[in-house]
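Visitor: This is the structure I have questions about; it appears just below.
Values quoted throughout were computed directly from the atomic coordinates according to the rules given, and no laboratory measurement underlies them. Model, not experiment: these values are computed from the prediction. As a convention, Cβ positions derive from the backbone with ideal geometry for all residues, glycine included, and neighbour counts pool all protein chains shown.
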Amino acid sequence: MATPEIVIFNDTHGWHSRQLCEAIEKLGAKPVLSSLENCTIDLESTSGLVIPGISVHLPAAVIVRGIAPGSFEQITLRMDVLHTLSELNIPVLNNAKAIEHTVDKARTSLKLHLAGINTPLSWVCENEIKARALVAEQLAKGYQLVIKPLFGCQGKGLEKISRIEQFDDLKPVGDTFYLQRYIKPVNPGQWQDWRLMVIKGQVCAAMSRRSNHWITNFSQGAECFASTINADMEQLAIDATRAVGADYAGVDIIRTQDNQYTVLEVNSVPAWKGLYQATGIDVATIIAATVVERVQQTNHFIDHAGH
């Protein structure tokens, strides 16, 4: 029986890939580092796909750690690869559908809203006049807004709007206005939210992120602390992960001034370095074990040379 090969897709392989490789090897499988941008659709092959780095036609499973920025056509091609792998019954964590539901913030907001999950009020449009009217209306009601890139991560490109002049000075990415109602901190000047890692329908790790700035991402300098969570937060994170169809996700939750919890974001390609440093929990091992279990369930502990 051949050793199953598990492909890790990322554009740049670093700490997270090394963690996954070690975990996969301990479970008796072979990790293969690759990137979606180097894959080829080739109809001379039986599967129609060529994935660099593997010794057989198809991998036993795939873990998506990152997708490089690219043109609309390039991203579409990379998603075609992930869609096809799933259609060929190859376990993909997370699959293309889950990534599409979360990489686009408007799509995430819609999925959460339609699932009845508490998330900040948001508005998305392409019309600047309409967007300005929305901003003016919310400001008049005493609310601040945050404008975010539709596609973005790690807290980059976020701007808070407290005055209409700030909106007038903005140039939105891609001429698309994603506006979300700003959640004020419970304690003025002390910003805090929580990142919960959900894997296989369970919260496996949680941390609190605290900052003296309203952007609380670890990559933006926020401090991370191991944190206990209550049942409401746990269920909210599980429900949000299920709503976007992800096998695993990093769910960002914030507490409102009326002591309710709301989902800020669901990340289907989450980093966990800050979580690991804060809690010591080995997320990579849990992900690897989940993937290997999926391989066994789909009878892929076999030689794929026949595909």
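Visitor: If I model a spin label as a point 7 Å beyond the Cα along the Cα-Cβ vector, how far apart are those points for L121 and E22 in nm?
Guide: Distance between the two pseudo-spin positions: 4.8 nm.
Visitor: Given (1) 1.51; (2) 1.06; (3) 0.94, which label gives Cα Rg over 2.2 N^0.38 Å as computed from the coordinates?
Guide: (2)
Visitor: Run the numbers on the range 167-307 and let me know its relative contact order in percent, using alpha-carbon pairs under 8 Å that are six or more apart.
Guide: Worked out over the range 167-307, it gives 22 percent.
Visitor: Which FRET efficiency value, to the nearest 0.05, do you get for N89 and L110 by plugging their Cβ-Cβ distance into 1/(1 + (r/R0)^6) with R0 = 30 Å?
Guide: Calculated value: 0.55.
Visitor: Suppose each label sits 7 Å from its Cα in the direction of the beta carbon; what would the D11-A226 distance come out to in nanometres?
Guide: Calculated label separation equals 3.5 nm.
Visitor: For a quick protection proxy, order the peptides 87-100, 42-55 by their average other-Cβ count within 10 Å, most packed first.
Guide: 87-100, 42-55
Visitor: Quick check for me: using +1 on Lys/Arg Cβ and -1 on Asp/Glu Cβ, what's the dipole size of the chain about its Cα centre, in debye to the nearest 20?
Guide: Dipole about the Cα centre, nearest 20: 840 debye.
Visitor: Please give the contour-minus-distance gain from E44 to E73: 0.36 nm per residue of separation, less the Cα-Cα distance, rounded to one decimal in nm.
Guide: Here the answer is 8.2 nm.
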